[in-house]
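Trainee: The following block contains the structure, expressed as structure tokens.
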């Protein structure tokens, strides 16, 4: 009986052709990522150099010696602890006020039927068209007349009156939630406060966390309003402290840029940490804008 042997090599598996368009997109994204990361890398390396190494020509991309004491020296140079506490108090109160008030107003505009609610909605949207610089002088005169100048009240109280963009975001998200939830809750004896806090708050978690991230970043990095309304140095925020850091020296060449960059990294940490902790909800909140219906 004849026996046959298969001595041929195994047939190669079907390989999908390389999609060069995707390779090109990935290469482009890598280049763009490097371009965006390079300034942050330069800040970090500058913060770890001695002040003399910063002015070397050609510059060194990596420090020859790591000077971690720059962070402590930069911390002390602008009284970072006091300014950090001031900024954190103002920011936390502004975030709470902005999110809570905007969610309540958005709920009223979306879930409560009352005469003129569309007019109020259009007024809120229309107020977004005015640049903040237009209202700076009238508000300054108002706060000056009620003795709010050189206090934190002009930086905190307006947030508790609602943010037009946050109101728009909350209202549009509320409209995507079925009204059957409200009717079922009302049959069980729940009022609007219970519906808002027990039912709507968990459902709209991505939205109000998105608001919190935006409000935190906006209040933390606010420079104009503290500059206008705060006169006493002990009430300053970190944004003013960082801006006045280099002005304490005679000129640009005499500025201790290593300490400035070290303090700047410390200044960047709180909003960066907050964003990464809530990044998942932030993406969901922005993604919900694509599901907004024309109501």
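Trainee: Over all directions, how big on average is the projection of the convex hull of the alpha-carbon atoms in region 20-67, in square nanometres?
Mentor: Reported value for the Cα convex hull: 4.1 nm².
Trainee: A further question on this structure: At 0.36 nm per residue, minus the direct Cα-Cα distance, what do residue 135 and residue 190 gain on full extension? Give it in nm, one decimal, please.
Mentor: 15.7 nm
Trainee: Taking the Cα atoms of region 132-190, what is the range of coordinates along each of the three principal axes, in descending order and whole Å?
Mentor: Principal-axis extents of the Cα atoms in region 132-190, largest first: 50, 24, 14 Å.
Trainee: Could you state the number of Å between the C-alpha centres of region 258-274 and region 166-213?
Mentor: 36 Å
Trainee: Can you put 125, 30 in order, fewest other beta carbons within 10 Å first?
Mentor: Listing 125, 30 from fewest to most nearby Cβ atoms yields 30, 125.
Trainee: Quick one: which of 193-200, 170-177 comes out on top by average Cβ neighbours within 10 Å, and what's the full order, highest first?
Mentor: Result, highest mean first: 170-177, 193-200.
Trainee: Then there's this: Sequence gap at least 6, Cα distance under 8 Å: using those rules, report the relative contact order of the chain to the nearest whole percent.
Mentor: About 30 percent, as a whole number.
Trainee: To continue, here is another question. Using a cut-off of under 20 Å, list every residue of region 149-169 whose amide N is near the label point 7 Å from the Cα of residue 234 along the Cα-to-beta-carbon line.
Mentor: Within reach of a label on residue 234: 149-155.
Trainee: While we're on this one: For a quick check: sort 237, 244 by the number of other beta carbons within 10 angstrom, fewest at the front.
Mentor: Ranked by crowding around the Cβ, least crowded first: 244, 237.
Trainee: Let me ask something else about it. Taking the Cα-to-Cβ direction at residue 127 and at residue 224 and moving 7 Å from each Cα, how far apart do the two end points lie in nm?
Mentor: Reported label-point gap for residue 127 and residue 224 is 1.7 nm.
Trainee: Taking the Cα-to-Cβ direction at residue 269 and at residue 72 and moving 7 Å from each Cα, how far apart do the two end points lie in nm?
Mentor: About 1.4 nm, to one decimal.
Trainee: When N counts the residues of the chain, how does its alpha-carbon radius of gyration compare numerically with 2.2 N^0.38 Å, as a ratio?
Mentor: 1.43
Trainee: Moving on to the next point. Take the Cβ-Cβ distance between residue 150 and residue 28 as r, set R0 to 41 Å, and report the resulting FRET efficiency rounded to the nearest 0.05.
Mentor: Given R0 = 41 Å and the Cβ-Cβ separation, E is 0.20.
Trainee: Please give the FRET efficiency for residue 175 paired with residue 283, using the beta carbon to beta carbon distance and R0 = 30 Å, rounded to the nearest 0.05.
Mentor: The value I calculate is 0.90.
Trainee: Would you list 113, 186, 22 from fewest to most Cβ contacts within 10 Å?
Mentor: Ordered by Cβ neighbours within 10 Å, fewest first: 113, 22, 186.
Each value in this text was obtained by applying a stated rule to the coordinates, not by laboratory testing. As the structure is a computational prediction, the values presented were derived from the model and not from experiment. Here the Cβ is made from the backbone with ideal geometry for all residues, glycine too, and neighbour counts use every protein chain on show.
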